[in-house]
Every structure is written in structure tokens, then in C-alpha cells.
8 protein chains.
Amino acid sequence: MTRKAEVGVVMGSDSDWPIVRETATTLDAFDVACECRVISAHRTPETAAEYAAGAARRGLKIIIAAAGSAAHLGGVLAAHTTLPVIGVPMKGGALDGLDALLATVQMPAGIPVATVALGRAGAVNAAILAVQILALDRPALAAKLRKHKTMLKTKVRQANSRVQADWEKKDA
Amino acid sequence: MTRKAEVGVVMGSDSDWPIVRETATTLDAFDVACECRVISAHRTPETAAEYAAGAARRGLKIIIAAAGSAAHLGGVLAAHTTLPVIGVPMKGGALDGLDALLATVQMPAGIPVATVALGRAGAVNAAILAVQILALDRPALAAKLRKHKTMLKTKVRQANSRVQADWEKKDA
Amino acid sequence: MTRKAEVGVVMGSDSDWPIVRETATTLDAFDVACECRVISAHRTPETAAEYAAGAARRGLKIIIAAAGSAAHLGGVLAAHTTLPVIGVPMKGGALDGLDALLATVQMPAGIPVATVALGRAGAVNAAILAVQILALDRPALAAKLRKHKTMLKTKVRQANSRVQADWEKKDA
Amino acid sequence: MTRKAEVGVVMGSDSDWPIVRETATTLDAFDVACECRVISAHRTPETAAEYAAGAARRGLKIIIAAAGSAAHLGGVLAAHTTLPVIGVPMKGGALDGLDALLATVQMPAGIPVATVALGRAGAVNAAILAVQILALDRPALAAKLRKHKTMLKTKVRQANSRVQADWEKKDA
Amino acid sequence: MTRKAEVGVVMGSDSDWPIVRETATTLDAFDVACECRVISAHRTPETAAEYAAGAARRGLKIIIAAAGSAAHLGGVLAAHTTLPVIGVPMKGGALDGLDALLATVQMPAGIPVATVALGRAGAVNAAILAVQILALDRPALAAKLRKHKTMLKTKVRQANSRVQADWEKKDA
Amino acid sequence: MTRKAEVGVVMGSDSDWPIVRETATTLDAFDVACECRVISAHRTPETAAEYAAGAARRGLKIIIAAAGSAAHLGGVLAAHTTLPVIGVPMKGGALDGLDALLATVQMPAGIPVATVALGRAGAVNAAILAVQILALDRPALAAKLRKHKTMLKTKVRQANSRVQADWEKKDA
Amino acid sequence: MTRKAEVGVVMGSDSDWPIVRETATTLDAFDVACECRVISAHRTPETAAEYAAGAARRGLKIIIAAAGSAAHLGGVLAAHTTLPVIGVPMKGGALDGLDALLATVQMPAGIPVATVALGRAGAVNAAILAVQILALDRPALAAKLRKHKTMLKTKVRQANSRVQADWEKKDA
Amino acid sequence: MTRKAEVGVVMGSDSDWPIVRETATTLDAFDVACECRVISAHRTPETAAEYAAGAARRGLKIIIAAAGSAAHLGGVLAAHTTLPVIGVPMKGGALDGLDALLATVQMPAGIPVATVALGRAGAVNAAILAVQILALDRPALAAKLRKHKTMLKTKVRQANSRVQADWEKKDA
């Protein structure tokens, strides 16, 4: 049985799905249930408003919004809820995604969108940030985050061993 | 008695009013009636949706939207109407207004915002563009536009005379 | 028999045609007749001036100008007419099209160019904007625009269903 | 008696204090206790590491980091904690703050910094975002956020009345 | 009696005159006669076309065009003449003049505009470049250029002496 | 027998040759003799200085300098001659060639570099600009330039016919 | 037997290794021993701190840090040592590497990072800069640098011969 | 008596002196003798070449070059020496100094310029970097650097105390 979603993962177009899937997969790896939706701030504005306005009532804690170009999705959702909204600017518009980044992050005072990195790194980090928020009162989840951090360290150390060995073998 | 407005001039904040007033004043100089509103895409999103959705019914022909930073106002209004929406990006955010320009112009296929120049020149040009649209089936208005264009020419010629004279008097 | 064109679709180079064709195709889908021209602001400036100056007399209502790099085409046409001119900045110059965007949008007070998004999205949106303008006094066209907007919504909803299903099947 | 801080407000230099004070003041308006610190990622890196590493143990829930130029503060703190870290890029470096924005937001996968707008708007929004996070399991705080949102609406409506009146009186 | 102008110094607006005057003054210092005109590419396009088309016949050798924002002036003049056209992008538009720079320099193959630096340095350099061109078959003018270059060297050496002395006196 | 070169075409690296060849080819099409050199401002600075300093004496009239990244070549050559120096910024550095453009065009007062467009268009235009300069006292060359301009017009008209036909055949 | 490393070559990710290898190879060509490490400023911050803090004691003279996106690696290492730290910004983040460049170079007063060019050129130049520093009191190394500079000249001259010949043979 | 300079501090214009003086003052605070020169890469290129070529012979160890706009000074000096050259990009050109930054840092492989931050922070950091290099074989200088780093820490801690007190007194 599907657990009730705590995180709403929303994207402006299904062409974003291959990258945004990493958000969902990362949440899943932390056993945080999410739902995935395509909602366009400009083409389905009523759905966007309803989705955000009803999110808390439906049990969502956090909304993640991924969009490109004039990336209004995060801002439009944030306008209709007081839940934390995390914005993932997508590449592919003008200036290698700078348009999406600025349109997501430069929100007016009172209506924040928590913006993460452009593209794939941002898709993962939106999930991690959501988990960090949910972990504030769930010690088990906090423990998973610390374990994840240890795993990241391990990966860097393994990469270090490979590079170090690759260089040193030149003298062998 | 106030005539019925044909153009809705909307701004995201009353701090934009000193510049946006030029939009209204320019429309007024062409005897095109407008109404001026402060509507925030993020702080009063329901008002934005209602305003745009009801605009045609209320007799508006064109909506002009001026906003800065993550300038979503034009896009949010365009999402709720099929009237032409003209966007004026305001300076003052990041990168000398580039954030507002990109957030206004980079709309997805299907939902255009007719974007004009940043700041004061854009505030005037939004009005001229609105008049050009309304003039399509009003010969009298088209005549005024041609007269306005002649006046612009005259001003440039007068400026030319001043500069020409200023330079030539050095040899006198 | 070809109907009389109401929209002039002008591009600076025939290398723009594959993208600008979407402007013409979109207009065609709304049964708005257009003519397509290659006119260079710099290589055929007299043609550009004549085209714009004679446009209203020939029955054109709107001119759409697509150009890249130092994209002067929209501005040059706007200088010679009081018809609305819509500018489509093309990618491929410096900075991923920023040169074309700024050269198109930053017009001086008095001579607006209604600028839409860079590249393909802008090519479609120039057509939609033209239809929105023409629809102001044609209820049938306005109805088509509303239908088009409904179709956009439907497409987003279908995309949503696909993504939602794709994610949920992981738990199946 | 001072309540125990839940939010750590950290800035890279005391020259940021006049703007960062708005973060603290906004938190205070929501009765969320915060502590304010000057910690430099580059000049006091050990303090930065210790502060972040010990934050959860000391009862902090969220860290807000404001910094300019090569704004590493948010990233350095995020490296040493699994608490949510909110980054406020400060203006004043190169390109009107673009350096601080990119250095704050472009974090690698695994270590997010929740980035808000440049400068003053960001300083306020960092606080609002922190309150949104803390409100997830505090209904009273969530109620305050909704009230705050209503107050923002009221302010926009009042601004609207002023502008509307200012324009309409021209016909009086 | 005024000598016949060899260089046409054209600016898009008389607000540019305080800076463009340095172009005229510099030409004057080399005894190269110039005429100064305000011609707008967008407001007086016919004048622009006529001016450029008739320039060679009237004895002009070089046209210098200074303009800001969507700076089309150089390009429009170059379209109507085969004389060398030198473009001076003026600051004050978007992005500290980047719009003017890109709109001036990014001309299509076949129609060059010789672009110099933004603002004051460019205003001087447009004149120097014009003199360099005219000097190609005037040994006396070439000698003046060499003398000017020597004078620049002298000024740098004097500045060097001042700075060197200013620093060394600290040990006195 | 090779005629004496009037234009020195210099590039910073032989990797620029495929594009810079268009400069030489274009000059050749106008029967203007040029020589082609690889000289690096940073790797062979003495050669750069000698080349520029001796250029006039060797009969060169104009130097064209193509370089990328921190494109100092034009500036270094201009420092050692009073001949006109034309700069072609090459793409491939940071920001799609913006580094090369700014490093070429932003010369200090007194030492201009006549900058043309980035990459291939600039490579052609540097040649055209050089021909325009040489044509000032060669009526035959001026006539060729006018013919070239006519040819450009013809090409645009042919492209126009193709596009016009391609669109109109849809109704056939 | 491996000699003791004098230069620590550190990269933020092993995906940087193919480019950073050129740093190591260049140092090797000058017989300067280096060690190569993968250390992440954000994932292994303790390792970064320890590496930099212990570098001088372990006999390192210079640290080279290559990183992309929010490239904090150079800054974090510089915070923990008084050895010279050379930063190589890697491409691949936002804006073609501008994020990495600004995050590396814009360090606050007191904690410099000696920044070199983006990507491959920077990878080589970091090594050359390190050799220049080490050569200050090693005449043999300084001699190698002069020889290297001569080799660069030779390569440019050979390239020049090829291009010159390629062009001239067209007349043969 | 003036000690022999070890660091040559060169600036492109005496208008840079108020900021570049901080480089000299900082070196002086470390008892590192420097000489200060105004040398223009473009106006006094021979002096630039001679200065760099003779620097090592005259006992200089490091050259610091501060310049703005098309900032070629560092690159020109680096071309004529194998000593380390540190570049300080000055603000005031286009794009808030981005032109100077890119022109300084984007050097081709083989000829590095060690670039530091824009403006005042860079002026100080060029000096610190020079001291770090010189300290490699001078334990006394290295000790001063460590003391300087301690002093920076102390200043941050004092600033922290002020801010902490300022905030906490609100509850008093």
C-alpha cells in the first residue's frame, strides 16, 4: 500500500521528469513518501493554486517545484501556501539556466522559495533539503542523514584512492 | 465622468508607481482610458487571477504588468486571460534588472507576455504598444500615433539643431 | 485562393526559417493568414523600410520580426510603421542569444517592439500574441484562443497522468 | 530571561549586520528565538566548523548564513551539519551580487544550501522560510504565518487604494 | 570659414552630447574637420538612411555613431553606405551598457561596424581610429598620431613619477 | 608573383586559422593582398611588438588581429603602431566568447582596437572593414564594395523567394 | 622511490581528474614532485581542513585546488594554511563556469586564492605558476622555465610557418 | 635608506593608486620592500616589456599588476618574465569589472597570471599572496603570516561580540 505523501514533487513539464525523478528517488531512498505531479504555472494556473492551497490539508509538509525559463512555478505555489517551497531551476532556457535561477530565487520579501542548484545537483539537493527539514523532529531520519553524509565521505575517499593510485603508478 | 478603462495598468508594488505613472500618462495623452492597480503575483495571487480572468468581461482590452526581481506578474496574469498582456520589467533587482527582464520574457510556448524595455523607456513603450493595438480598428487613434511619430521626429531634429549649433559656434 | 495576409512574418535570414515556420504554422492553425518574408535590416534596408511603411496600406495588421545577433530587424520595422511589431530574438549569437534579446527589447521610448521568448518558444508565442491582438474584435477568434488554452491544460494533465503513473508503479 | 535560540543567524562580516538584523527582527516578530553571530568561513574556519557541528546539540534547528562575494559561509556550515542551512547572498561583490548568489546556490549533490533572494528581501525571506519549517509541527506558528500572509495582502490592497486614488483624482 | 567635414559624428540622442563632444574635440585637436548630428535610428530612420546614403557624395570619409540601449544607429548607417562606420556603445541601458555593446558589435557578415570601448574611452577612441584611417595617405597626420602617442607615454611617465615619489616619501 | 601585402592578418593560434582563413579569402575576393601570421601576444611578445612597429615601414596599411580568451593580441599590436588595428574576438573561452569580446574592445583612451563581431561573422567583417578603409581613396575598390552590397541584397532576395514559395505552396 | 611532494594537487571530484592530470603532468615535466588528492570542501570538510593545516609540516610548499560550481575548495584550503593556494575553476556549472570562477577568485581581504584560467588552460597554468614560485630560489628550475618559454615561442613560430605557407601556396 | 624592492607593484593608471596603495601598505606591514610604478600596457608597452624582462635581474621576486577594462597589464608583464605575476582586476569598466577580471584571468596555457579578487579586497590579497610566496623559505615571514591570520580571527571575534551584544540587548 502506498504511504501518504509528505513531499509534493511538482514539475512544470514532463520533459523535466528524467531529472526530477532523481528528487523522487532520493526521497525514496530516505523512505520519505512523495507524490509526483506535472503542473504548469502558466498553462494550469488553477491547478497550481489549488494544489498549493490544499497541500497542508492533504498532509503534505513540503513542496518541491522544478521549472525552467521564466520559472514561476515555485513562486506561484509559494503564493498559495505557508508550507516550505523548494525551487529547482532547470537548465535549457537562456544563458545556461540563469533565467530559471533568477526567476526562482529573486522572490519578494514575505514569500520565499528555497532555491537549490541548477539541474541534476539541485534535483538531488531538493530532496536532501526536504529530508533535513522533516528530520528536525524525527531522530531516525536524522540518523539516516548522518549515515548519508558518511557515505558521501566514503565515496570521496574511494575516489581519492583511485586518483592517488592512478598518479603514483606512473613512478612504478 | 470617468470613461470605462480599456487598458489595465497593473504594478507589483506601489514603489513602481512613479515610473508606471508614465504608462498611464502616455495612455491618457492618447485619450485611452486606463485603470491603475497594485496587484502582487505572490502576495495577492487570488486578486491577480480574478483580475485577469475577469478583465475581458469588464471591458478591458489589454493588460500592462510592471514588476521587478522574479517578475512573475505578467506571466501570472497571462495565465488567466487570452487578452494581450504587456510586461514591463523594472530595474532594481539583481544584475541591473536582468532578473526582471528574463522572468518576464522567457514565457513557455502558448502563454506570451509582450515584453518591452527595462524601466522608464519600457513604461512609455507599454502604453504606445497598447495604443498601436487599439488603433488597429480606430483610424482616429492611428492618426494620433502617426502624429506622435512626427512629434518624435521634430524633437530629434530640434536636438540636432542644438547640437549642430553648439559644435559649430566653436569656429565662430 | 490565398486569403489576404493579416500578419507579416519577417525573418533576417532564411537560416531562421525552420524555427520561424512555427510562427506561420501556429497562425495557420488559428486560420489567420500570414505572409513570410526574408528581409535583412542591414543587407536590404530599403526593403525593410518599404515593407514596414507599406504594411498598413497592404492590409497587414501586425508584423512579426525574427532575428539574431545584433537583432535590429524588429526595431527597423517599428521605426517605419505604427502597426504593432512583435520581435522574436533568435539564439546562436553571443551568450546563448542574450545579444539578440537585448537588441530587440531595449528600444527607446516611443518605438516599442513587443518582445517574446528566445527561439522556438518565442516563435510560437509571437503567433499567439498576434492572434490575441486580432481576437480583440473577433469573438470567433477569441473562442479559438480559449479552446487553445483548454488544449494546453489538457496536455499538461495528460503529462501529469503519465508522470504520476510512472512514479506510482514503482510501488506496484 | 532569554529563551534558547532555535535559529542561528550567522553573517560573514559585521558590515552585513544592518541588513541581517532584518532576519533577526523578522524571527523575533514570530516569537522565534535566534542568536546572531559573526563567523567568517575564511578567517575563522574552525569556529565555523565547530558552530555547525555543535548546532544540533545546542538545540538549534536551522542555520541562516548571510555572506557576500565568494560566499562560502552557507556551504561551509552545511558541510558540518545535517540541519537545514539557509543562505542569504549579499550584494556588493562583483556583478551586483551575482558572485554571492552563484557561490551560495550552486552546491554539489548531497549538501544543499536553501538559497533566498539577494540582499534585504532575502534577509527577510530567510526568516520566513525558517518559520515555515518550524511551523510544520506547531499549529500556533502556522497560524501566525497565515496571519502574516493576510497582512501582506492587506498592505498590497492599501497600496492599491492609494495608487488607484492617485490616478483617478486626475479626472476630478 | 568652416572647412568641409570629413567625419560625420552622429549620436542617437542629445543626452549623449556631453560624452560625444569628446569625439569632436579629439578630431579637432588633430585638425580633422567633423560635423555633429543627432539622428535617431528609430525616430528619424529616413534621415539616418539619407545621411548615410549621401555621406560619401558630401565628402565624408568616415561616420562615427554613438548610441545606447538597443543601439542600432551604427548598424542602420552601415546598411546605407560603404564608408567605414565606427560605433561607440553608450552606457546607461541594461547591464551597464552590455546591451549597447552587443547591439553595436554583433553585426552580420557583410556589414561591419567598427566598435570601440563603452562610453568616454570609446568616444575618444572613435576619433583616434578615424584619424588613423585618414592618416593612411597623409604623412602629416600620421606624424601627429605618433606625436600623440609620445604624449600619452609622457603622461604615463609623469604619473609614474608622482606615484613613485608618493610611495618613496614614506621612507623619508 | 605575390603582390605586396597591404593587410596583415594575425591570429593568436593556428587553431584560429580555419575561421581566420575567411578573413584572408574575403580580402582576396576584393583583390586586396594580405599576409597571414600566427603571433601570440603572450608567447611571442617580441615578435608581436616588432611586427606592429615595423608594419607601416613594410607597407602594411591595416592589421587584423584575431584572438580568444584574454584576447590581448589586438591591444598589444595597437600599442606598437598608429595603423588601424581591427580586432576579431574568437569564441571558445568563457561565457561563449564574452571574455574575448571585452578584452578586445575595452581599450583605454588613445589606443583603439576596431572590434567586429565574434567568430565567423567577425572574420568576414574584419576584411570588409579593411576594404572599406582602403577604398577611401580607390574608386575601383569602392565600386567593388557597392557591387558586394548589391550581391548581398540579391542573396537575401533569393532567400526571400525560397521562403515565400515554401510557405505559399502549402495552399497549393 | 617517490620523491617527497612539494605541490599538493587537490580536486573536488574525480570527474575533474582527466583535466587536473595535466597539472600533475606539467609539474612532472619540470621534475617537481606532486601528490594528487580528491578532497571535497563540502563532503569531506575535515579532510580539507586537516590537509591544508598539515600541508606545510608535511613539506608541501604550494596547494593547487581545482573545483567547479560553487567552487569553495580553494577558499577552504586557504583558510587553513598560509601556504600559497592556487585555484583552478572548472567548467560545467552554470554560465559556462562563471560560477566556479567567481566563487574561486572573489575571496575576502586576507585570504587570497591565486586564480588561473577556467578549465584546461588553467590546469596547465596552475602548474606553471607553482613552478615559477618554486623557481624563485632554484636557478635550475628558473632555467627550465626560460627553456619552456623558448619552446612555446618555437611552437608559435612553427604554427606561423604552417599558416603562412598554407596561405601563400594559393598563389603558387 | 630604502631597502631593495622584492615586489614590483605596477598599475595601469595613477587613478588606480588610491586602491593599489593598499597593496604597498600591506607589503610594508610585513616589512617586504616594494616599488610602485605606473606602466601602461598600451601607452608605454616598451616600458612594460623592459620592466618585466629586467625584473629578475634587478632583484624583484614577484610582480603585482593592477589594471581595469581590457586589463592586459598582467598578461603583458607575464609574457616577458618567468617571475610569478599577480593580477588585480580593477572595477570601473563594463559590467562592474567583469571585463577586467576576464581579461586578467583567462590567460593561455603557459603564461599564467595569478588573479585575485576585484578592487580593494584584491589589492590587499595580492600583497598577502606575495608574502605567502616569499615566506616559503623565510620562517620569520611565515610566522608573521600566522600572526596576521590570528589577528584576522581576533577581529572577526570582536565583530561577533559587538553583533551578539547588539542583538541580545534588545531583551534587556
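Once the 1.4 Å probe is applied to the protein heavy atoms, the protein assembly as shown comes out at 33 Å² accessible per residue.
Among the residues of D:63-76, the average count of other protein chain beta-carbon atoms within 10 Å of the residue beta-carbon is 5. Counting only protein chain heavy atoms and rolling a 1.4 Å probe, the accessible areas of D:K155, D:K147, C:K153 rank, largest first, as D:K147, D:K155, C:K153. Using a simple spin-label model with pseudo-atoms 7 Å out from Cα toward Cβ, B:D166 and H:T150 lie 6.2 nm apart.
Each Lys and Arg contributes +1 and each Asp and Glu -1, all at the Cβ; summed about the Cα centre of the protein assembly as shown, the dipole is approximately 0 debye. For the options B:L83, B:L101, B:L136, a Gaussian network treatment of chain B with springs between C-alpha atoms closer than 10 Å singles out B:L136 as fluctuating the most. The H on the amide N of E:H42, modeled in the peptide plane, is under 5 Å from the matching H of no residue at least 5 residues off or on a different chain. Here the accessible area is traced with a 1.4 Å probe on the protein chains. For the protein assembly as shown, carbon and sulfur cover 55 percent of it. In the range F:23-156, a dipole from Cβ-located charges (positive for Lys and Arg, negative for Asp and Glu) runs towards its positive end, and of F:A67, F:I86, F:L136 it is F:L136 whose Cα lies farthest in that direction. Taking a ≥ b ≥ c as the square roots of the eigenvalues of the alpha-carbon gyration tensor, the protein assembly as shown is classed oblate because a/c is 1.5 or more while a/b is no larger than b/c. Between B:V113, B:V38, B:V156, the GNM of chain B built on Cα springs shorter than 10 angstrom shows B:V156 fluctuating the most. Residue by residue along E:143-155, Cβ atoms of other protein chains within 10 Å of the local Cβ number 4 on average. The alpha-carbon of B:K4 sits under 22 angstrom from the alpha-carbons of these lysines, leaving out residues fewer than 8 places away in its chain: B:K61, B:K144, D:K169, D:K170. Residue by residue along G:8-19, Cβ atoms of other protein chains within 10 Å of the local Cβ number 3 on average. Placing +1 on each Lys and Arg Cβ and -1 on each Asp and Glu Cβ, with no other charges, gives chain A a dipole about its Cα centre of roughly 720 debye.
Chains A and B together bury roughly 2000 Å² of accessible surface, counting both sides and using a 1.4 Å probe on protein heavy atoms. Seen through its C-alpha gyration tensor, with square-root eigenvalues sorted a ≥ b ≥ c, the range B:32-172 comes out oblate because a/c lies at 1.5 or above while a/b is not bigger than b/c. Amide hydrogen proximity for D:A65: with H placed 1.01 Å from N in the peptide plane, the residues at 5 or more positions away or on another chain lying under 5 Å are D:V10, D:I86, D:G87, D:V88. Computed per residue of chain H from DSSP H runs no shorter than four, each worth -39500 (n - 2.57), the mean residue ellipticity at 222 nm is -16000 deg cm²/dmol.
The shape of the range B:124-172 comes out prolate: with a ≥ b ≥ c from the C-alpha gyration tensor, a/c is at least 1.5 and a/b beats b/c.
Relative contact order for chain C: 20 percent, from Cα pairs under 8 Å spaced at least 6 residues apart, divided by residue count. Couplings 3J(HN,Hα) of the range D:70-78, computed from phi: 6, 6, 8, 4, x, x, 5, 5, 4 Hz, in residue order, whole Hz [Karplus 6.51 cos²θ - 1.76 cosθ + 1.60, θ = phi - 60°; x for Gly and Pro]. Residues considered: A:A130, A:A159, A:A79. Largest GNM mean-square fluctuation over chain A, using C-alpha springs under 10 Å, is found at A:A159.
The values are calculated or read from the model by the stated rules, or taken from the named source; none is laboratory data. Bear in mind that the values here come from a model prediction, so they are computed numbers and not experimental data. Backbone-built Cβ (ideal geometry, glycine too); neighbour counts: all protein chains shown. All accessible areas refer to the heavy atoms of the entire protein, side chains included, with ligands and DNA or RNA removed. Shrake-Rupley method; radii C 1.70, N 1.55, O 1.52, S 1.80 Å.
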